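Single-structure report; data block below.
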Amino acid sequence: MKKIIFTALIFASGLIQVNAQSVFTAVPVVNGKVVFQQFIHIDRELAADQRYALLYKWGKDNYAGNPLLSGIRFDDKARSITVGSKIELLLPQNSNGVREKVVMNYRFDATITNAGCMLVVRDVTYQNSQSPNSSFFPKTFTAEETITSTAISAASGLDKEFKTNTQKSTLFYLNGLYNELSKIFNLSK
């Protein structure tokens, strides 16, 4: 019986991964800043007001009352939401067998357009209080100095592993955000 349940769980997780898209596979730098942008196509059957109503409800359901939320703004005229929040990322295990935790602060905008929804994630920073060099207060690192290919290639040893693992966890989280937002507009799927 345990084998059947285990096999079913493996199969189900495989199906979930097949339906999820990885749209963020690299760290884009625009004018010296890390900015993730992705367009979400929306079924044309929905009017712009219906699209915004779905986005508004999703924003309220997922962020209002969240203790990690630093701010949320709904702009009914522009049909957009802006969210400032944070998430604790559990990084992959490093060569010393340690799985560090990093708090990622980020801001994103989701704007309804004629053909869909534009997702823009910006102002990404990290706080790592587990670093051996940290004092009482956690140190804040920008995305530009942490997860870009330039930052990673300039590092070595555990610092390089930390930056690589932070990049992997960031991309994983942002792909989850994209997929979650995409689901609200594709009601038939």
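Among the listed pairs Lys33/Lys101; Lys57/Lys139; Lys60/Lys168; Lys60/Lys160; Lys60/Lys101, which are separated by more than 30 Å between their Cα atoms?
Long pairs (Cα-Cα over 30 Å): Lys57/Lys139; Lys60/Lys160.
Give me the mean projected area, in nm² to one decimal, of the convex hull enclosing the Cα positions of the range 64-104.
Computing the convex hull of the Cα atoms and averaging its projections yields 3.9 nm².
Rounded to whole Hz and in sequence order, give me ³J(HN,Hα) for the range 70-84 from the Karplus expression 6.51 cos²θ - 1.76 cosθ + 1.60, θ = phi - 60°, writing x for Gly and Pro.
So the Karplus estimates, Gly and Pro as x, are 9, x, 9, 10, 9, 10, 5, 5, 8, 6, 9, 10, 10, 10, x Hz.
With N set to the residue count of the range 36-189, report its C-alpha Rg divided by 2.2 N^0.38 Å to two decimal places. All intermediate terms of the calculation are to be shown ahead of the outcome.
Numbers: Rg = 17.6 Å, N = 154, 2.2 N^0.38 = 14.9 Å.
Compared with the compact-globule rule of thumb, the range 36-189 sits at 1.18.
Each value in this text was obtained by applying a stated rule to the coordinates, not by laboratory testing. Being a predicted model, the structure only gives us computed values, none of them experimental.
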